[in-house]
Amino acid sequence: VKVYDVGSQQRVAFVERPRTEAAAVAAAGGPAAAGARPSLQWAPGGTELVIGWSSCVKVCKVRSGGPGPGAAGGAAGVGGGGSPGNALTRASVDVVATLGCDGTLCGVAHMLAPSPTPHADAGARQLVMLVCPGPEAVEGGVQARAHTQQRPELRLVDMSNEELASDALSVRGFDAYYPPDYRLVCAPAREDAYDALSSGEALYYVVSPKDIVLACARDADDHVMWLLSKGRFEEALAECGIAGWAAAGDSQTRRLKASTLDEVGAAYLGHLLAQHEYERAAAMCPALLRGSTEAWERWVFHFAHLRQLPALAPHIPTTAPQLRPTCYEVVLNGLLAADAGKGAHETLLECVRAWPASLYSAPDVTAVAEARLSTLEAEVRAAGGGIDFTDGAASEGAALRPLREAMAELYVIAGAHERALGAFLDAGDGARAVGFVRRRRLWGAARARCAALLKHGGAAAAAILAEHTSEVSTSAVVAAVDAAIARARASDASSTDGEVAQLRGALNKYLDALFERDPTAGAEVHGRQVELYAEFAPDRLMRFLRASPYYPLEDALAVCQRYNLHSEAVYVLGRMGSAEQALQLVLGELRDVPRAVEFCADQADDDLWDELVARALEDPELAGELLEHVGAHLNPLRVLRHLPEGVPIPHLRDRLARIVSDFRTQSSLREGCNAILKADCAQAADARLASGRRALRVPVVLDSSVLASNDPMNTPVPRRGKRGIQGSGRCCLCLEPIIGTGGEAGRKGFVAFYCGHTYHTSCLEMAERDENVGAGAGAGEEGAGAQVPWR
């Protein structure tokens with residue numbers, strides 16, 4: 001191959017054919033020599049030339065010697081790669097690589113990158129070869145025509161002659177063709193290409209007598225589609241960078257077409273559904289469908305066809321994208337149509353709570369739900385032997401609870417609050433029912449369903465009904481619970497006893513909450529409340545017995561005896577006046593000496609103490625305990641004197657020692673208290689004496705006029721000043737100033753009392769004489785001399 005520079009009008013290089021191949025071609029001559037012509041291919045920019053012979057490829061590097069006079073123009077490029085000399089003067093060519101070929105080479109070209117930039121050789125480091133495999137001629141590589149031909153191969157190799165990829169081409173009549181019958185032509189990418197097949201990429205044409213094969217470089221989409229064709233779905237997902245797989249990167253994902261991503265998602269979902277992995281397929285939908293409304297709707301209907309909507313429903317989007325209302329209604333109706341107890345109704349409840357009501361027609365869904373609930377209730381009643389489950393009374397009705405809760409949520413959406421409350425109670429959701437009543441103030445509906453509300457609402461329902469007795473009266477609640485108990489006892493259900501006990505326990509919680517708020521409320525049922533306390537809360541009965549005076553004592557005693565509540569029975573006997581019987585119960589049944597001592601102390605009856613001592617001395621063990629506990633309330637000598645002789649008392653010596661020790665301690669405490677009292681009295685006397693020795697302040701009245709004594713507003717009244725009590729400064733009899741600035745008032749003596757009243761001495765003497773005269777003259781006359789004005 002001779003390289004000619006049109007710019008300098010001279011040959012610049014001569015690339016020699018391999019010697020072995022040259023000798024074989026010369027010897028063959030004829031058509032074989034014509035078929036052994038080399039293939040030439042210029043790299044973009046004209047800086048590299050590839051020359052291919054039948055068994056050898058040489059890569060030549062063209063180096064420019066500098067610009068010449070022909071730089072402004074030039075001829076067209078050679079081999080489709082542009083002219084090598086349009087900007088070169090006195091160029092040189094160096095062979096930089098020589099590659100061998102296993103087979104007969106029919107053509108060679110550079111592997112071009114898409115949309116190459118000018119003078120860029122990004123794809124020049126890889127070569128595309130069209131090779132006919134098979135045995136070679138002995139004389140240097142010309143294919144023997146007597147041999148049956150194989151399919152031509154399109155190979156991709158790098159500059160180290162390592163094969164990167166290889167594809168065998170299905171060409172019609174390939175078994176009759178020979179290497180000279182094939183050509184490989186490269187068409188570089190063009191930005192202004194109008195051919196839809198080019199897509200901005202370099203195209204490779206493999207030309208044969210009957211077929212033209214168009215090839216291009218495989219991109220990420222081709223690779224992903226190839227992975228799908230091989231069933232390697234996880235690798236395809238990794239290439240797409242979706243669904244949480246080990247992605248190839250954002251740049252890789254951006255190069256993929258949207259149609260490729262959609263096809264990958266559809267293929268993988270179809271594969272999972274074919275394997276019956278419905279849960280996994282549903283969980284993958286948000287990542288695989290990529291927010292496509294059409295894709296979501298298509299797969300919703302597909303899952304509905306497979307009856308696998310319970311798996312898909314939690315993953316259906318409500319925004320971005322938002323589907324048509326029909327899709328959401330299809331999902332809800334599909335969940336309603338599922339059998340109870342298989343998780344579909346739980347999913348329905350979650351969807352109704354999570355989805356905005358604007359996504360679907362709530363009235364239509366509610367109507368379907370009502371019909372479905374009626375059907376399932378009929379089936380459950382038939383299976384349970386005619387039992388009514390509308391109040392959630394039987395265990396078989398637990399399977400319908402999610403559906404009833406969903407019905408309640410639908411009623412709330414529709415604004416039917418009373419029906420929603422009934423649905424909450426039918427579902428057994430007492431907490432939601434109580435909160436709903438409080439929030440919506442549904443006291444009328446609560447009055448109608450108060451028995452079910454107490455049964456399922458527990459302490460919260462009891463508290464709210466006890467708090468609003470003006471809206472729901474106590475008598476109405478008790479009557480409703482009694483009616484529910486009567487219905488439960490009238491049924492033939494095996495769970496009647498449990499139902500009755502549950503209702504009675506609920507009534508006890510309500511009455512207890514009512515009693516905590518107001519001990520006088522519900523007084524008409526306090527007798528019944530004693531039995532409820534004894535049955536369900538015996539630890540709270542004593543407090544009730546002490547606080548309430550409204551229960552019949554005889555009935556309360558009978559209840560306490562029936563439930564063996566001895567402490568409570570003792571209290572009731574004490575209130576009935578049967579103290580001796582109560583004491584006998586304490587000592588006989590309870591054998592509780594401290595409780596007996598406390599009971600006698602509460603009764604404050606001396607005869608009862610004698611009874612206690614007498615009964616305790618009948619049992620040596622009780623006598624010993626009495627000695628140990630009676631010291632704080634009774635003189636121990638009273639017990640010791642009555643101890644029978646010769647009867648052994650357990651731990652008598654220790655108990656006597658303790659009695660003596662306690663007596664000494666009490667004596668010491670008494671002496672100490674007496675000493676403290678004496679010291680306090682002495683201190684108070686000293687304070688009184690010091691107070692009596694202090695001066696008493698009597699103010700000076702500058703106005704010496706006499707006040708009108710018959711005017712009650714002018715009566716001198718002592719007042720408390722900053723330094724203690726002080727008088728008004730006037731005599732309480734004559735109302736003249738005690739201390740004046742002159743005149744008669746200033747020369748009179750006076751008497752001042754610590755209470756603040758002051759008197760002239762002469763006024764006191766005159767009043768005393770008048771009192772004596774009045775007492776002697778008119779002792780029988782009413783009122784005469786009986787009043788002293790200054791007292």
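What follows draws every value from the coordinates through simple rules; no lab data is involved. Predicted model, so just to flag it, every value in this text is computed and none were measured. When we count neighbours, we look across all protein chains shown, and the Cβ atoms used for this are built from the backbone with ideal geometry, even at glycine.
Rank these for me by crowding, TYR204, TYR550, going from fewest to most other beta carbons within 10 Å.
By the 10 Å Cβ count, ascending: TYR550, TYR204.
Could you sort the peptides 275-281, 765-771, 128-134, 264-270 by per-residue average Cβ neighbour count (10 Å cutoff), highest mean leading? Kindly include the intermediate steps, with their values, before the conclusion.
Working: 275-281: 15.1, 765-771: 12.9, 128-134: 22.6, 264-270: 20.0.
Put in order of decreasing packing, that is 128-134, 264-270, 275-281, 765-771.
To the nearest 20 debye, what charge dipole does the stretch 445-584 have about its Cα centre, counting +1 at the Cβ of each Lys and Arg and -1 at the Cβ of each Asp and Glu?
240 debye
Computed FRET efficiency, Cβ-Cβ of ALA483 and GLN603, R0 51 Å: what is it to the nearest 0.05?
My answer for the efficiency is 0.70.
Give the residue list of trypsin sites (Lys or Arg not before Pro) in the stretch 513-607 that are DSSP loop and have at most 16 other beta-carbon atoms within 10 angstrom.
ARG591
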